[in-house]
Amino acid sequence: MKLKSDLSNLEECFPESFTPAQVAKAKTIFYKTLALEGHRFYGGKMQTIPKAGVFGFNWFNVWYTPGVSKISTTIRDDNERSFELSNRGNLVAVVSDSTRVLGDGDVTPPGGLGVMEGKAFLMKYLGGIDAVALCIDSRNQKGENDPEIIIDLVKRIQPSFGAVNLEDISQPNCYRVLDVLREECDIPVWHDDQQGTACVTLAGLLNALKIVGKKLSEVKIVYFGAGAANTTCLRLNVAAGADPEKSIMFDSRGALHKRRKDVEADPRFYRKWEICMKTNPEGVKTMEEAMKGADVLISVSTPGPGVIKPEWIKLMAPKSIVFVCANPVPEIYPYEAKEAGAYIVGTGRGDFPNQINNSLGFPGILKGALLVRARKVTDAMAIAAAKSLADFAEKRGINPDNIIATMEEPGVFPNEAADVAQQAVKDGVSRVQMTREEAYRKAKEDIDYSRNLTELLIKESFIKTIPPELLEKVLQKTIEEVSRS
């Protein structure tokens with residue numbers, strides 16, 4: 001069978017003899033290989049194009065000197081005018097030191113460019129937001145990654161941007177960077193690995209609980225992995241109504257609890273110590289103990305498969321919910337989790353049902369914050385986004401294999417942006433007032449513009465189509481590699 005250019009029939013192109021595990025492996029290899037070939041073909045994913053017209057060469061006198069002098073002096077006299085007289089009001093800096101990229105760890109500062117351009121790509125297409133990748137070297141003179149270097153850089157660049165998206169900064173540095181910048185910057189500083197993942201996870205959890213007929217305040221939740229994402233998942237879930245005493249979190253050394261002196265002794269891990277003090281009051285130590293009767297497992301840890309054991313899932317309560325969100329490969333494949341008894345399974349990938357991925361969150365959240373020129377993104381704004389995502393999906397219908405909205409649904413992001421904008425106004429962090437209808441209309445207008453622009457560039461061949469022979473080459477290479485293994 002010939003592979004379609006939209007890749008919609010990818011699984012059908014693999015040999016029928018492939019097992020489910022081989023198909024899952026083949027998809028991972030295919031996407032990685034095509035990513036390399038595609039990035040080489042295009043030379044990256046982003047470019048800069050004008051938004052103003054050139055109707056004759058005298059217009060350079062308007063857009064640049066002497067005309068632009070009026071813009072400089074107007075903003076000099078009122079810095080707030082920069083949001084309307086420049087692209088600042090719709091521009092996000094994607095800042096990373098690339099020390100914790102996906103499942104790949106420290107890939108060196110330029111190694112993160114593919115991911116940061118990817119964030120900018122999604123912001124533009126899904127949120128109607130312009131963004132630029134800024135991968136920085138955060139090492140000090142001792143060769144250590146220093147959070148103060150990131151903090152200083154973001155503070156210095158904030159006059160050029162409407163918001164900052166922090167990305168792929170290793171813990172514990174990421175905690176201090178976010179906590180300081182949220183309070184000391186005058187624009188929203190958002191760490192997508194923390195707040196974005198937590199927001200979308202909460203959205204999926206809210207709808208999954210509706211399906212299984214359980215309440216957030218009553219369920220027992222086990223968290224596997226205690227990195228930036230999962231610690232924030234726990235915090236946001238508790239803020240939304242989960243009981244911390246029915247929550248147990250595991251890091252690489254075991255369960256978190258009050259007697260974890262190693263965590264207490266290191267002040268850099270203050271977020272983990274807060275969890276030690278609030279959760280697991282009985283001091284459960286093993287996964288086997290924790291998983292007995294657990295209603296929910298949220299894992300954001302080491303890429304799998306084989307990280308989450310089927311025998312653990314077998315210990316869970318009836319109609320259990322399992323979110324295994326490591327990228328690029330989940331900690332256990334969905335089919336295996338379901339065989340072990342999981343009722344609802346979510347992963348971070350779009351080629352499995354129930355994608356629990358922050359790509360559903362940050363385009364709409366940042367758009368909402370930008371629309372009202374918010375000074376920060378509060379936890380209440382993140383919870384509002386989670387509820388917006390959950391409500392949107394519930395209205396169009398949910399089931400165990402479809403608990404959350406997808407990136408393909410065009411109404412998701414303007415709705416999310418409007419709800420976030422309204423929460424920013426309620427929280428008193430917005431510079432401008434805007435009704436929900438106004439926010440929705442403006443968000444939809446900008447998102448439609450971005451999508452239409454991309455489609456026009458493809459139609460007119462300014463964005464070239466990947467050659468079919470390249471797709472076929474990658475497919476055959478993938479099949480050969482999986483068949484040999």
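Whole angstrom only: what separates the Cα centroid of the stretch 128-142 from the Cα centroid of the stretch 461-485?
Each part reduced to its Cα centre gives a spacing of 32 Å.
Among Thr347, Thr286, Thr302, which comes first, then next, by fewest other beta-carbon atoms within 10 Å?
So the ranking, lowest neighbour count to highest, is Thr286, Thr302, Thr347.
Rounded if a/c is under 1.5, else prolate if a/b beats b/c, else oblate: with a ≥ b ≥ c from the C-alpha gyration tensor eigenvalues square-rooted, which is the stretch 381-452?
Oblate.
Tell me, how many Å apart are the Cα centres for the stretch 25-72 and for the stretch 225-252?
When both Cα centres are located, 39 Å separates them.
Of the beta bridges DSSP finds with both residues in the chain, what % are antiparallel, to the nearest 5?
So the antiparallel bridges amount to about 15 percent of the total.
If I take R0 = 25 Å and measure r between the Cβ atoms of Leu36 and Arg156 in this structure, what FRET efficiency does the formula 1/(1 + (r/R0)^6) give, to the nearest 0.05?
The value I calculate is 0.15.
Filter the GluC sites (Glu not before Pro) in the stretch 269-358 down to the DSSP loop ones having no more than 13 other Cβ atoms within 10 Å, then list what survives.
Glu282
Could you line up Val62, Val322 from fewest to most neighbouring Cβ atoms inside 10 Å?
Ascending Cβ contact count within 10 Å gives the list Val62, Val322.
Order by neighbour count: His39, His257, fewest other Cβ atoms within 10 Å first, most last.
His39, His257
Which GluC sites (Glu not before Pro) in the stretch 1-110 pass both tests, a DSSP loop state and at most 12 other beta-carbon atoms within 10 Å?
Counting only loop positions with at most 12 other Cβ atoms within 10 Å, the GluC sites (Glu not before Pro) in the stretch 1-110 are Glu16.
Can you grab the distance from the C-alpha centre of the stretch 74-98 to the C-alpha centre of the stretch 367-419, Å, no decimals?
For the stretch 74-98 versus the stretch 367-419, the Cα centre distance is 25 Å.
Computed from these coordinates, which is Cα extents along the principal axes in Å: [x] 73, 55, 52; [y] 72, 54, 35; [z] 98, 50, 41?
Here the calculated entry is [x].
Within 10 Å of each candidate Cβ there may be at most 10 other Cβ atoms; applying that plus a DSSP loop requirement, which trypsin sites (Lys or Arg not before Pro) in the stretch 31-75 survive?
Here the sparse-neighbourhood loop sites are Lys51.
Starting from 0.36 nm per residue, how many nanometres of slack lie between Glu16 and Glu148 once their C-alpha separation is accounted for?
Length gained, Glu16 through Glu148: 42.1 nm.
Lys/Arg Cβ at +1, Asp/Glu Cβ at -1, dipole of the stretch 61-187 taken about the Cα centre: which of Leu122, Asn173, Val95 is farthest positive-ward?
Leu122
Counting helices only, and only those DSSP H runs with n ≥ 4, report the 222 nm mean residue ellipticity of the chain as the sum of -39,500 (n - 2.57) divided by its residues, in deg cm²/dmol to the nearest 500.
One gets -14000 deg cm²/dmol as the mean residue ellipticity at 222 nm.
May I ask you to derive the relative contact order of the chain, considering only C-alpha pairs under 8 Å and at least 6 residues apart, and to give it as an integer percent?
The value is 15 percent.
Note down the relative contact order for the stretch 61-187 as a percent, whole number, built from C-alpha pairs under 8 angstrom at least six residues apart.
About 27 percent, as a whole number.
Once you sort the root eigenvalues of the Cα gyration tensor of the stretch 42-201 as a ≥ b ≥ c, which label holds: rounded (a/c under 1.5), prolate (a/b larger than b/c) or oblate (the other case)?
prolate
List the pairs from Lys210/Lys319; Lys155/Lys367; Lys25/Lys210; Lys338/Lys395; Lys25/Lys477; Lys51/Lys459 whose alpha-carbon separation is above 23 Å, in the order I gave them.
Check vs 23 Å cut-off fails for Lys25/Lys210; Lys338/Lys395.
By its C-alpha gyration tensor, with a ≥ b ≥ c as the square roots of the eigenvalues, how is the stretch 190-343 shaped: rounded for a/c under 1.5, else prolate for a/b larger than b/c, else oblate?
Judged from the Cα gyration tensor, the stretch 190-343 comes out rounded (a/c under 1.5).
Using a simple spin-label model with points 7 Å from Cα along the Cα→Cβ vector, what separation in nm is obtained for Ser5 and Arg436?
4.0 nm
FYI, it's all coordinate maths here, none of it is from the lab. Predicted, not measured: the structure shown is a model, and the values here were computed from it. Cβ atoms come from the backbone with ideal geometry, glycine included; neighbour counts cover every protein chain shown.
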